[in-house]
Amino acid sequence: GNPDVKIATLSQEELVRKAFATPSAKDIDDDFEKEKEAIRDREDPTEKKKEDNSMVSGWGSWAGEGAPAPRPPKKLPKHLAAPQKKKEKRRRKDDGKKNVIIAAKRVKKAAKFQMANLPYPYSSREQYDRAMGGAIGDEWNVSGAVKTFTRSEVLTRAGKIIKPMAKKAKTKRARAPLVKFK
């Protein structure tokens, strides 16, 4: 068969369907689930691959050229062996969400824009978030509130010279009492 003849015999609808063929919704969902499972396996810290280094060449068996292969370690009878631990998949934030993948990894580039500690007047994260969440603009607040929100901490008159801090400026501390030993 000539491919041109096959295309010529197709109807207009069949040509359009063939030209704009897209994967079905089920195929897309299956691919997404596979990708999500691969990410789960890759990011799970409890599933680090452990190499079996319990046998060292030359210890408990012959080593070198012509030596017989080492015997595998003896397994304990089932009633004496330790019970097998059940593997539990670690809970993720996106477990209940069908069409979402939430990356739990720490983003180093974004970390430099995040604070390590809370600023002084705040005692909890909720308190800080509540203070930062409020709008400051004059479109949302009365003019008196906007002035208090945006007022600078230090006020100086225009043209007044501000002396720079001295290098030896230190905070004064109370001296430790002298203790005499007898």
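Quick look at the numbers
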read-out	value
Proximal aspartates and glutamates relative to LYS105, as straight alpha-carbon distance under 12 Å, when same-chain residues fewer than 8 apart are discounted	GLU43, ASP44
Rounded accessible area per residue of the range 83-122, 1.4 Å, Å²	111 Å²
Solvent exposure, largest accessible area first (probe 1.4 Å, DNA, RNA and ligands not counted), of ASP31, ASP94	ASP31, ASP94
Karplus 3J(HN,Hα) series, Hz, for the range 85-98 with 6.51 cos²θ - 1.76 cosθ + 1.60 (x for Gly, Pro)	7, 7, 7, 9, 6, 5, 5, 10, 5, 9, 4, x, 9, 6
Accessible heavy-atom area order of ARG42, ARG90, highest first, probe of 1.4 Å	ARG42, ARG90
Listed residue pairs exceeding 32 Å between alpha carbons, taken from LYS36/LYS74; LYS112/LYS160; LYS109/LYS168; LYS87/LYS108; LYS34/LYS87	LYS36/LYS74; LYS112/LYS160; LYS109/LYS168
Whole-Å distance, taken between Cα centres, linking the range 16-42 and the range 81-104	22 Å
Ranked order, LEU10, LEU80 - accessible area, probe 1.4 Å, largest first	LEU80, LEU10
Cβ-derived FRET efficiency at R0 30 Å, GLN114 paired with LYS86, nearest 0.05	0.25
Extension gain (nm, one decimal) between THR150 and LYS6, 0.36 nm per residue minus Cα-Cα	44.4 nm
Shape parameters for the range 110-153, alpha-carbon atoms, Rg then Dmax in Å	13.1, 36
Label-point separation, ASP44 to ILE102 (7 Å along Cα→Cβ), nm	1.8 nm
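The values are calculated or read from the model by the stated rules, or taken from the named source; none is laboratory data. What you see is a predicted model, and the numbers here were worked out from it, not measured in a lab. All Cβ positions, even for glycine, are placed from backbone atoms using ideal geometry, and neighbour counts span all protein chains on display. With ligands, DNA and RNA removed, areas are computed over all heavy atoms of the protein, side chains included. Shrake-Rupley method; radii C 1.70, N 1.55, O 1.52, S 1.80 Å.
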